[in-house]
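Some notes on the structure that comes next.
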Amino acid sequence: MMASMAAPTVALVSADLILASRLRAALRGIAGLAVVAAGDVPPAHTVFVDLNEQADDRIALIAALRAAGQDRIIGFCQHDSKGVRIRAMAEGADQVVTNGALQEAAIRLVGVLPRD
């Protein structure tokens, strides 16, 4: 597990280290980022959940995070994964964005840019 601070502002549930690096760069100076396994989600303002792999398990994680009172849960997946997006939203994701929109969404969701 890699964590940038003890109580990160943003947690990322993903095994994609390239994506994690890009997201960390996008949030540099804005928010701390912890890259974690599904069972190790720390207290965080926002949790991003990678739905590109292990979608069923990650959707169950979204439901568990919502039941535990997590404030903001954002899923992300490929643009053509409509069924995954619908299921994630039904289980409690606040939003599901495409992989390509993740970095901009992350910056917006931690309050740096105004929402459209």
*Is it the case that the range 79-102 has a residue that's aliphatic (A, V, I, L, M), out of contact with any Phe, Trp or Tyr (no Cβ under 8 Å at 6 or more places or on another chain), surrounded by fewer than 21 Cβ atoms within 10 Å (Cβ to Cβ) and assigned to a loop (DSSP other than H, G, I, E, B)?*
no
*Can you work out which of the residues in the range 48-64 that are within 21 Å of Ile107 (Cβ to Cβ) and among the aliphatic types (A, V, I, L, M) is surrounded by the most Cβ atoms within 10 Å (Cβ to Cβ)?*
Leu51
*Can you tell me which of Ala44, Ala67, Ala31, Ala106 is over 11 Å from the mean Cα position of the chain (by Cα) and surrounded by 15 or more Cβ atoms within 10 Å (Cβ to Cβ)?*
Ala31
*Of the residues Val112, Val84, which single one is modelled with pLDDT of 95 or more, over 13 Å from the mean Cα position of the chain (by Cα) and of a type in the set (Val, Ile, Thr)?*
Val84
*Arg22 is checked against (1) touching a residue at least 60 places away in the same chain (Cβ under 8 Å); (2) under 11 Å from the mean Cα position of the chain (by Cα) and fails just one. What number does that condition carry?*
(2)
*Qualifying positions in the range 55-78 - farther than 17 Å from Val36 by Cβ and not in a helix (DSSP H, G or I)*: Gly69, Cys77, Gln78
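The values are calculated or read from the model by the stated rules, or taken from the named source; none is laboratory data. The structure presented is a predicted model; accordingly, all values stated were derived computationally and were not measured. Cβ sites come from the backbone with ideal geometry, for glycine too, and all protein chains shown count toward neighbours.
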